[in-house]
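Here it is, the structure in full.
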Amino acid sequence: IAEATLVPEEDALKEAEGLDGSLVSEITDPTVLNRTTAGSDSVTASCELVPISTRCNGGGGGGDESSILSTQEVPINSTAAAAAANQSQFSADTIPVATAEPMGKISMTICDRHIRLRWWHFLIVLAIILVIALPSTLIPRRKRNATEDDWIDKTDDLQSTIQRILIDNSISNPATFNETSSPQYQALNWMGNDGGADTIKVPSEQEATPYIIQRYILGVLYYSTTGSKWRNQFGFLTNVTECEWGVGANNGFNVIDCNSDGFVTLINLWQNNLMGVMPTELVNMTNCTALDFLTNRLRGQVPLEITEMTQLTYLNLGYNQFTGTVMAEYGNLSNVTYLMMDFNKLVGTIPPELGKLTQLTGWLSLEGNELTGTIPQSFTGFTSATWIYLNQNSLTGSAEFLCDALRPVEGYGFTNENSTSPLLELWVDREEVHCTCCNCCPFNGN
């Protein structure tokens, strides 16, 4: 290691010859070879002793790998003794190769190449590292604001997990998830990618499953009935629990009611411009006891699956555009107290199985359809019903058996003051159906 001062190129060559003229031909950068002068001003230098016999063949292949890279520094203004000691190290088989750079710069000689590293070189390297590292650190998968114990934070692929849960529980036809325009795919995408599952804050997937199913079904209902064109959105698909959607917002009534466990018990979307079809997924709302879709624009056949919701006590599908028949399976709704299917486009006869709905305490309304045939004798079991509307159809025959069995409070043009029946109104098309106790229609001959 030697201390060095910078001298002009011509003097450097002469100085080098003074050391050993035979070695001048081996110098690759004459400006960095010089003689140490005791007491002279010098800059910090790094030196490398390169054996004459050692050469580097830059760029792959060949060459001796024993070259030594010196990183030791000599202080400014070294003493003459240090200079003399350094000069004594020169021999016939070594050449001092020195670099001298201002502060803030680093240089080195590797394989006969003089390399300078500037401060901005490090900035480039740092930028490359950041570009590689940022995607995995600053752009993680979407997570909600949740605690470490939430199931969603233990899930690597949220959408795939939800899809698996839905398929395992037979909620939707798996093929619908392959159609990006289907309500099922849209609801799944909302759940998996747009925060639809964020409000489900429970520790495990098992505990989350019923809430995933419930929230997904409400999403399917929204997309199946063209939710974007509803008269009122009622907060559907917003990032609060479904129990908070439309509180008191539908003519003073809740749009969604829930029990103490957060499971939906009522869906009330009447007079809200719902267009489309009722989704079959609704059958999986096992805690729901009331569905009210009165006065909308729903079409197609009422899904048979609806008749499997035996927990229902209230079903109002009136004033829509439903087609098909009055299904005999409605008789399975053994807990229903209100059944309204009036003013649709239903055809066929009235099935006698409806007579099994002995829990009816409110309405049975089939008026305003295209029903034919006669009134079933089984209707005599409606001893607790308050209103029975069968008018504006094409029914025929007689309803006198209802007069004897149900004894409505009011008949055509009279009041039965001795009646203890809860039945207030019994309506048929009196011009086609014989009924002396029916109070409509037409009423009073009009």
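Residue 260 versus residue 241, label points 7 Å from Cα toward the beta carbon: distance in nm?
Distance between label points: 1.3 nm.
When all C-alpha to C-alpha distances in the range 291-339 are sorted into bins of 10 Å, what percent of pairs does each bin hold, rounded to whole numbers?
26, 59, 15
Quick one: order 275, 285 from most to least accessible surface, probe 1.4 Å.
Ranking 275, 285 by accessible area, largest first, yields 275, 285.
With a sphere of radius 10 Å drawn around the Cβ of residue 442, what net charge do the other residues whose Cβ falls strictly inside it have (Lys, Arg +1; Asp, Glu -1)?
Details: positive: 430; negative: 429, 431.
Taking every Cβ under 10 Å from that of residue 442, the sum is -1.
With contacts defined as alpha carbon pairs under 8 Å and 6 or more residues apart, what's the relative contact order of the range 212-273 in percent?
25
Using protein chains only and a probe of 1.4 angstrom, how many square angstrom of residue 236 are accessible, to the nearest 10?
Spelled out: residue 236, probe radius 1.4 Å, area about 10 Å².
So, one more: Sort 302, 125 from largest to smallest accessible area, using a 1.4 Å probe on the heavy atoms of the protein chains.
125, 302
Using only alpha carbon positions, build the gyration tensor of the range 246-308, then give the equivalent ellipsoid semi-axes as the square roots of 5 times its eigenvalues, largest first, whole angstrom.
Numbers: eigenvalues 78, 60, 10 Å².
Three semi-axes, in Å: 20, 17, 7.
Taking a label point 7 Å from the Cα of residue 310 along the Cα→Cβ vector, which residues of the range 264-301 have an amide N closer than 17 Å to it?
Correct set: 283-290.
Label 7 Å along Cα→Cβ of residue 273; the range 286-315 residues with amide nitrogen under 17 Å?
Answer for this model: 294-299.
Let me ask something additional. Working out 0.36 nm times the residue gap between residue 229 and residue 383, then minus their Cα-Cα distance, what length gain in nm do you get to one decimal?
Length gained, residue 229 through residue 383: 51.3 nm.
Taking a spot 7 Å from the Cα of residue 249 along the direction of its beta carbon, which residues of the range 199-239 have an amide N less than 12 Å from it?
Once the point is set 7 Å along Cα→Cβ of residue 249, 230-239 turn out to lie under 12 Å by backbone N, inside the range 199-239.
How much of the accessible area of the range 233-288, in percent, comes from carbon and sulfur atoms when a 1.4 Å probe is used?
52
Mind running the shape call on the range 292-402? Use the C-alpha gyration tensor, a ≥ b ≥ c as the square roots of the eigenvalues: rounded below 1.5 for a/c, prolate if a/b tops b/c, oblate otherwise.
It comes out oblate by the Cα gyration axes.
Further question: Which net charge results for the neighbourhood of residue 394, defined as the other residues with beta-carbon distances under 10 angstrom from its beta-carbon, given Lys and Arg at +1 and Asp and Glu at -1?
-3
Distance from the Cα centre of the range 355-389 to that of the range 216-233, in angstrom?
32
Would you rank 194, 292 by solvent-accessible area, highest first, keeping every protein chain in place and using a 1.4 Å probe?
Result of the area sort, largest leading: 194, 292.
The values are calculated or read from the model by the stated rules, or taken from the named source; none is laboratory data. Remember, it's a predicted structure, so these values are computed and weren't measured experimentally. In this analysis, Cβ positions are derived from the backbone assuming ideal geometry, glycine residues included, and neighbour counts consider all displayed protein chains. Ligands, DNA and RNA are stripped out before the accessible areas are found, and what is left, the full protein with its side chains, is counted by its heavy atoms. Shrake-Rupley method; radii C 1.70, N 1.55, O 1.52, S 1.80 Å.
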